[in-house]
Amino acid sequence: MSKKKHHNGPQAPLPDPASFRLPRTGVESHAHLDVRHFDEDRAAVLERAKAAGVARIGQVFMSSGLWEKGKDYFLPHPEIFFLLSIHPTEAEQLTDEEYERLRAIIKAEPRVRAVGETGLDFYWKDCPPEVQKPAFLRLMHLAAEVKLPLSIHSRDATEETIALLRAEGFSHYPLVWHCFGGDAALAERILKLGWHISIPGPVTFPANQALREAVRLIPAERLMIETDCPYLAPMPCRGKRNEPAYLAFTIHKMAEARGEDPAALWTSCGQTAIKFFDLAPLE
């Protein structure tokens, strides 16, 4: 989850994501649809996602309190699965009591399909590394206990994140590097450790050639797609609120970089996510 603020700029007309006519085989691997940015039109956002070909959405809750506040809206939507954790910049919230609440929710709710996002963030100075690291360790071992994948947030902390995961025996553990923004060299390191990579909207930004080069080398069986909405909207929506329907713009730029058909890559990324999160097959 990015901490970039949402900016309301001039609302120029946008292409309709549904106009790409993608099959309903896509999976949004990481969204924050519980935040206030969606309070006025959450139902319409979900409908637009369906029209754009999104079959499943991974809704991320960043505390037990946010789960309790938002779950009743999302539980009636069977296309939505859940990720649950504490964000690295709020690691001080992972008290013993909060840890036990998270653990209880994860064990009781079968639609929680991953622990995350968790990791390290040294870009923001809200929370010092000496607080983040113990929280990250507890959450990665919680994932192992409950036998669920990890969704990793790492910002300005690549070396420390990889080192901790390797030291704790998480090489080749089911893990997705959420909101990947690195280059081909980092992608290769992540792949060699047996992990998955999820690509966000900035792959569409003109200056982001290094990320598009990374996308070219990721095997289809390790590649997923996400919005991290409401943040990081792709071109031509950059600077606006992001939402799952905008994955249509992201997949087209990814397919262009790989020299593949967008609909085929869309389905492939969806199938990879379904397998990774152990979701019910698409009907």
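The values are calculated or read from the model by the stated rules, or taken from the named source; none is laboratory data. The structure presented is a predicted model; accordingly, all values stated were derived computationally and were not measured. Here the Cβ is made from the backbone with ideal geometry for all residues, glycine too, and neighbour counts use every protein chain on show.
With respect to (1) touching an Asp or Glu at 6+ places or on another chain (Cβ under 8 Å); (2) surrounded by fewer than 16 Cβ atoms within 10 Å (Cβ to Cβ), the lone exception for Ile152 is condition (2). Just so you know, in region 87-98 the residues that are in a helix (DSSP H, G or I) and within 14 Å of Leu66 (Cα to Cα) include one that is nearest to the chain's Cα centre (by Cα), and it is Glu90. Taken as a whole, region 120-130 holds no residue that is modelled with pLDDT of 95 or more and within 28 Å of Glu79 (Cβ to Cβ). For region 102-127, the candidate set comprises residues that are out of contact with any Pro (no Cβ under 9 Å at 6 or more places or on another chain) and within 15 Å of Glu145 (Cβ to Cβ); within that set, the residue that is surrounded by the fewest Cβ atoms within 10 Å (Cβ to Cβ) is Ala108.
Whenever a residue of region 119-132 is at positive phi, its partners that are at pLDDT 95 or above and polar (S, T, N, Q), lying with C-beta atoms within less than 8 angstrom and at least six residues away or across chains, give the pairs Gly119/Ser154; Gly119/Thr161. Evaluated against (1) closer than 26 Å to Asn242 by Cβ; (2) in a helix (DSSP H, G or I), Val131 falls short on exactly one condition, (1). Within region 162-185, the residues that satisfy the criterion of being touching a Phe, Trp or Tyr at 6+ places or on another chain (Cβ under 8 Å) and either under 21 Å from Thr95 (Cα atoms) or in a helix (DSSP H, G or I) (or both) are Leu164, Leu165. Checking region 1-8 against the condition returns no match, with no residue being modelled with pLDDT of 95 or more, surrounded by fewer than 23 Cβ atoms within 10 Å (Cβ to Cβ) and either among the hydrophobic types (A, V, I, L, M, F, W, C) or closer than 24 Å to Ser154 by Cβ (or both). Scanning region 253-269 for residues that are under 16 Å from the mean Cα position of the chain (by Cα) and over 28 Å from Val35 (Cβ atoms) turns up nothing.
Condition check ((1) surrounded by fewer than 19 Cβ atoms within 10 Å (Cβ to Cβ); (2) under 30 Å from Pro15 (Cβ atoms); (3) without any contact (Cβ under 8 Å) to a residue 24 or more places away in the chain) across all residues:
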| residue | (1), (2), (3) |
| --- | --- |
| Glu40 | yes, yes, yes |
| Lys69 | yes, no, no |
| Phe74 | no, yes, no |
| Pro78 | yes, yes, yes |
| Ile86 | no, no, no |
| Thr89 | no, no, no |
| Asp96 | yes, no, yes |
